[in-house]
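Structure, as structure tokens:
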């Protein structure tokens, strides 16, 4: 047994890591090791990718299998990362239909968490760009799932957190792009109402997201920068390019905190200063559209390798909830107010609109999602329980890929597909073959 | 036919074979992969095709069936411009010490088979007047060590074979012979070993060094991890009474 954690370094729990193997060995490992969970790059924040008791690495599933330039259909093994797909296909004029906030996740993980991007309000989640995938079932068979074949298993596996089987291969529909640049327009919102209004006003944009200054209080509560963007067309690129190359390669990580940072590094003053600088920079850029590198627009944090280390030895928790449209305004204001009053140092608060999703256990629903990082402290967990109560009362839910600590009650209240999901797990034998610390904690 | 060049990679199911195929495809080459494990080789071929748009074909080759080597070469669609052997089998030294047919398998795989195969290509290349032969050997062949001397001895033989072949070819014409000694490479073959990070390289690095030496800079004997040259030079200089007492 060894100790393993997710991206947040909380919790750290014991699991038995199986050897990394190629695709032909996965079925054998599945039948020999009940019960397990698949793990790719370990970017789930909490305990979703830590097996109970076995953890199956999927990074040996690392080959592309086919690409059809005419249709944009790409077939890949499930351990291939989004970074790799983009590094290969951006220069050829293709982009993934949906990307999350980090490119260092595997395709299998992206399907299992049905990850969303800055275009969820328009294009849906990652699973909506998946034509089909191959799944190793509890019986160690490999089956194809799509919207027409094994469709119940398809719906349960997209967003199913690896609890229906091991995804070994997937066919994705890429989108054609004319350039590797985004035409970004920055809007300033003085408070939460303005931020929500700006997100509504930019809903016609393919991509839109708000960055909230969580330390702003009173009249400035919810003060935000809204980044709306489109893939720049060849013509727009010509106008703004200034001699830059049309399909720039990926940027490599330039900085990385060498070791775990001391916990005093993040405090109200340092984060306040950062937020003020960041906000000032955004204000300076607002107005005219500008070209932004695809890597910078979608994955700003990936430029800092191991940014999770800045939260120190105790790690951090990301709290990401979604609140239904009707109640969003009031509940978000209440959450932000409590966070501001607590003086919690959350650098990264992100607000965006979500549309409906199709997976049985997918996180998105029509409404607004708010994501905030909190360093782990003695008072954090009770505080987050208070926030959860607001979320649950509003009919919202928490994102399982980020979760490390929610209660069963919060979880059960938020996921109406749970009963059907449990029944499918029981019926297929997945409940006896696939388990993570998250599924054990939440009784999935 | 276009003037696109062709590379044949012997050992095309391996991690180094895959990385080398990708490097050549990115350079615009047509790639042929030869391997016994056709499913793994096809997986590599699919990947290289998807990434580069270059078609990659897979050819059956069992290195322990040396009687079929002449037919294997004859049945290639054409004579390639470059042939690269990444054939290798680390084996289990302990088992080889008590199982002589297993020891023979290690030695045949690492020495006899690649030498015999490359020699057939050398003859064809010589007749044509051009061609490049790359043999991936190992630093393990620079001095025999207790922990892997069947593998090391076979690689030593292969390195000497390449040296001799290079000598013969350079006297006879334009056929080039390149010896590559990668040192520790992080692959499936070494996945169970603890390797020193400062001396360990990735398959991509080996591939780009192979491509550099074979097609660009004209070097003939390369150590991929440069420090390994120094390490092996020191190891080779140790006097035998001292060397034999070391655990290496």
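The values are calculated or read from the model by the stated rules, or taken from the named source; none is laboratory data. The structure presented is a predicted model; accordingly, all values stated were derived computationally and were not measured. In this analysis, Cβ positions are derived from the backbone assuming ideal geometry, glycine residues included, and neighbour counts consider all displayed protein chains.
On the given criteria, is residue A:338 assigned to a helix (DSSP H, G or I) and modelled with pLDDT under 95?
Details: assigned to a helix (DSSP H, G or I): yes; modelled with pLDDT under 95: yes.
Yes.
Looking at B:79, B:38, B:64, can you tell me which residue is more than 15 Å from the chain's Cα centre (by Cα) and within 14 Å of chain A (Cβ to nearest Cβ)? Steps first, answer last, please.
Details: B:79 fails: within 14 Å of chain A (Cβ to nearest Cβ); B:64 fails: within 14 Å of chain A (Cβ to nearest Cβ).
None of the other options fit; the residue is B:38.
If you go through the range A:354-396 and pick out every residue that is part of a loop (DSSP other than H, G, I, E, B), over 20 Å from the mean Cα position of the chain (by Cα) and closer than 27 Å to residue A:124 by Cβ, you end up with 2.
Among the residues examined, residue A:108 qualifies as farther than 28 Å from residue A:203 by Cβ and in contact (Cβ under 8 Å) with a residue 12 or more places away in the chain.
Taking the conditions (1) assigned to a loop (DSSP other than H, G, I, E, B); (2) under 30 Å from residue A:26 (Cα atoms) in turn, residue A:431 satisfies each one other than (1). Give the residue, chosen from B:147, B:208, B:163, that is touching a residue at least 60 places away in the same chain (Cβ under 8 Å) and within 20 Å of the chain's Cα centre (by Cα). Selected residue: B:208, the only one of B:147, B:208, B:163 that is touching a residue at least 60 places away in the same chain (Cβ under 8 Å) and within 20 Å of the chain's Cα centre (by Cα).
Among the residues of the range A:27-48, those that are within 17 Å of residue A:163 (Cβ to Cβ) and crowded, with 24+ Cβ neighbours inside 10 Å comprise A:30, A:36, A:37, A:38, A:39, A:40, A:44, A:46, A:47, A:48.
For the range A:348-373, a residue qualifies if it is buried (at least 23 other Cβ atoms within 10 Å of the Cβ) and farther than 30 Å from residue A:132 by Cβ, and the qualifying residues are A:349, A:351, A:368, A:370, A:372, A:373. Scanning the range A:59-110 for residues that are surrounded by fewer than 20 Cβ atoms within 10 Å (Cβ to Cβ), more than 10 Å from chain B (Cβ to nearest Cβ) and farther than 26 Å from residue A:354 by Cα gives A:59, A:70, A:71, A:91, A:93. The single condition from (1) at pLDDT below 95; (2) in contact with a helix residue (DSSP H, G or I) (Cβ under 6 Å, 6 or more places away or on another chain); (3) in a helix (DSSP H, G or I) that residue A:308 fails is (2).
For residue A:35, the conditions (1) within 14 Å of chain B (Cβ to nearest Cβ); (2) modelled with pLDDT under 95 are fulfilled apart from (1).
List the helices (runs of 4 or more DSSP H) inside the range B:43-108, counting only whole elements, that have at least 2 residues being touching a helix residue (DSSP H, G or I) at 6+ places or on another chain (Cβ under 9 Å) and farther than 30 Å from residue B:147 by Cβ. Talk me through it step by step, then tell me what you get.
Details: elements: B:69-74, B:93-98, B:100-107.
By residue number, B:69-74.
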